[in-house]
Amino acid sequence: MIPLRVDEPDYAKLADATAQTLNRYGNPIQLLPDGDKGVSLRINGDAGIGDNPNRTRQHAFHFTADNCIGCHACEAACSEKNDLPPHLSFRSVGYVEGGTYPDYTRINISMACNHCDDPVCLKGCPTLAYTKHPEYGAVIQDPDICFGCGYCTWVCPYNAPQLDPVAGQVEKCNMCVDRLEVGLKPACVSACVGNALDFGVVENVPERREQTDTSIPGFPDPTITKANIRFQQANPTPHEVTRPDSSPVKYRRNGAGSGFRPVVDPKEGVQRQWNWARLSSRENPLVAFTLAVQAAVGAFATTFVAGQGSALVALTALVLVGLGMAASTAHLGKTLRFYRGFNNLRHSNLSREALATAAFGAATGLYLIADLAGWTRVASALGAAAVVAGVATIFYMVRCYLIPARPFWNHWQTTTSFVGASLALGGWIGLALAPGWSPLLCWAIVAGLALEIAGLIGQSRDMRAAEHEGAVSHHVQTTTFGQVYRLRNALLLGNLILVGALTVAGVTQPAPWLVAALLCLGSATVGRALFYVVVVPTTMPGAFFWKNKGFEEHARDIGLAANPAVGVAPTDH
């Protein structure tokens, strides 16, 4: 399978003599029945099966923080073995620090994929690029299947999958299964200078170790995915530790236990700023996609339910869906592979969202044909089908963002934002294009705006009281983008008052309604851009230069990213 050295040291060899039955999550460590050795992993085309007696047991990394000296040898070994470009690394060493001179502490953390019991990357991936193998319990991703949507990088709490903006695809740690098959530990473990990394059957305590904890300061909640990594940290830890990267997060010890919780670290201060330029991000296509599709669904559904459906409204909705799906495709690293987005309907909300959106577009198009042909009953049936598909589209669109790894999104405000935008924007399109004037459409706009405001109030209340990255996201929203946030809120409230007053007064003149429509579109666009740029995920801490978004942005601004040795991708997908 792979060549072996005759003088391979013992510390590089797997040496698990025993194994427990269950892991601490209550799941079996033995992944196949006794006697079943699994299948060949086709290492370098070899159909053989390794003779490791623990081949079908869940394996895991063990990291001893007290031993790590931050030399990055594990990173280098991983990158060399996998022939990675300088801007990509499956294993990263970051750190947190705390205390005061002379009692100052730094805790290094080496992290790769944790090959979880419940891999959310596998369930989230729309292309079925991930597989959880019973051989060693490895979660392996195939970059040739991936089309570069990056959704797995959203749902993973530990920043394990790496989106390569140059290649337009995701890759990640594969547990070095080729080395495991011949009895060797992963390359990063063998290269560790300080004997901080070890590897073996999960729950086994490595030699000269005492602890197998599931958390360490800076490590996100392991129960989200039932992560297969264990830690030891016997040295005392300060009450509070900070990150050296630009993320405004620090970690504070829980009062009742030894764990740490993420809290706000106001690195950029508390002054409200505008930062209009920073509202633009790589998620701009998703801003266009979500708003366009929500407007299309809202326009068709509100007019159809109000009895004012028309061919013109249907055509507009169809065009908006087409533009939205084109924008979504442009977000992919490999746009011509968009058709793979339907591969994982069993698990992925992203696949379900894509199917529901396509079904809504198809039903709307058929409704348009039937309506133009004068087939009234057929058109009614197709219109009802389009409404159902539209509701499913919004439902799965919301589900795509209810991610535990992004607490700011994982809140009911996401539902009120998406449904509210659909009602408000769709109502405006209906008022402009539907035959006659419908007070029901006016009230749909009022309801949409009121929903958005209610959601923002609830989110602000909950995030201020929270002790997770959602609170950090809200801090960024109210400081770094504080003036923009206040402007959006003022536009929403002012628009609600204006539209409500116009509706109650029965005003039908186009001028005031046009002003209100522009206010609604502006607040929706700014609000959706904020939705994407302020979210702070549950990620592992980086270093000052490596895995630091602040440094990456600075390197691109001054041209330093053009030097590959800097380790920053020169282009941003």
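The values are calculated or read from the model by the stated rules, or taken from the named source; none is laboratory data. Because the structure is a prediction, the values reported are computed rather than measured. In this analysis, Cβ positions are derived from the backbone assuming ideal geometry, glycine residues included, and neighbour counts consider all displayed protein chains.
So here's what we get for this one:
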item: Boolean, GLY50 is closer than 19 Å to PHE199 by Cα and small (Gly, Ala, Ser); result: yes
item: Neighbours by Cβ (under 6 Å, 6+ apart or cross-chain): first from the stretch 141-154, touching a residue at least 40 places away in the same chain (Cβ under 8 Å); second assigned to a helix (DSSP H, G or I) and of a type outside the set (Gly, Ala, Ser); result: PHE147/ARG337; PHE147/ARG340; TYR151/LEU350
item: The listed residue being in the same structural domain as LEU425 (by TED's automatic domain parsing), more than 25 Å from ILE403 (Cα to Cα) and either of a type in the set (Asp, Glu) or touching a helix residue (DSSP H, G or I) at 6+ places or on another chain (Cβ under 7 Å) (or both), out of LEU320, LEU355; result: LEU320
item: Qualifying positions in the stretch 270-306 - surrounded by 18 or more Cβ atoms within 10 Å (Cβ to Cβ), under 22 Å from the mean Cα position of the chain (by Cα) and not in a helix (DSSP H, G or I); result: GLU283
item: Subset tally (residues that are charged (D, E, K, R) and surrounded by 14 or more Cβ atoms within 10 Å (Cβ to Cβ)) for the stretch 25-45; result: 1
item: Residue match in the stretch 487-494 (condition: crowded, with 19+ Cβ neighbours inside 10 Å, in contact (Cβ under 8 Å) with a residue 12 or more places away in the chain, within 24 Å of the chain's Cα centre (by Cα) and within 20 Å of SER281 (Cβ to Cβ)); result: no
item: Residues of the stretch 498-534 satisfying the condition of being in a loop (DSSP other than H, G, I, E, B) and touching a Pro at 6+ places or on another chain (Cβ under 9 Å); result: GLY506
item: All positions within the stretch 428-485 that are over 30 Å from PRO220 (Cα atoms), among the small types (Gly, Ala, Ser) and not in a helix (DSSP H, G or I); result: ALA434, GLY436, SER438
item: Per-region count, the stretch 69-115, residues of a type in the set (A, V, I, L, M, F, W, C), assigned to a strand (DSSP E or B) and touching a Leu at 6+ places or on another chain (Cβ under 7 Å); result: 0
item: Sole residue being hydroxyl-bearing (Ser, Thr, Tyr) and surrounded by fewer than 22 Cβ atoms within 10 Å (Cβ to Cβ), chosen from TYR158, TYR101, TYR136; result: TYR101
item: Considering residues of the stretch 121-170 that are out of contact with any strand residue (DSSP E or B) (no Cβ under 7 Å at 6 or more places or on another chain) and assigned to a helix (DSSP H, G or I) only, the residue farthest from VAL535 (Cα to Cα); result: LYS123
item: Residue check for ALA424: closer than 16 Å to ILE497 by Cα and touching a residue at least 40 places away in the same chain (Cβ under 8 Å); result: yes
item: From the options ASP51, ASP66, ASP118, residue that is acidic (Asp, Glu), under 30 Å from SER328 (Cβ atoms) and not in a strand (DSSP E or B); result: ASP118
item: Test set (1) over 30 Å from LEU336 (Cα atoms); (2) of a type in the set (D, E, K, R); (3) buried (at least 18 other Cβ atoms within 10 Å of the Cβ) - ASP164 fails condition number; result: (1)
item: Odd one out for LYS267, checked against (1) touching a residue at least 40 places away in the same chain (Cβ under 8 Å); (2) in a loop (DSSP other than H, G, I, E, B); result: (1)
item: Total residues in the stretch 330-339, condition part of a helix (DSSP H, G or I) and either touching a Pro at 6+ places or on another chain (Cβ under 7 Å) or within 13 Å of TYR151 (Cα to Cα) (or both); result: 1
item: Per-region count, the stretch 443-461, residues charged (D, E, K, R) and either under 21 Å from the mean Cα position of the chain (by Cα) or surrounded by fewer than 16 Cβ atoms within 10 Å (Cβ to Cβ) (or both); result: 1
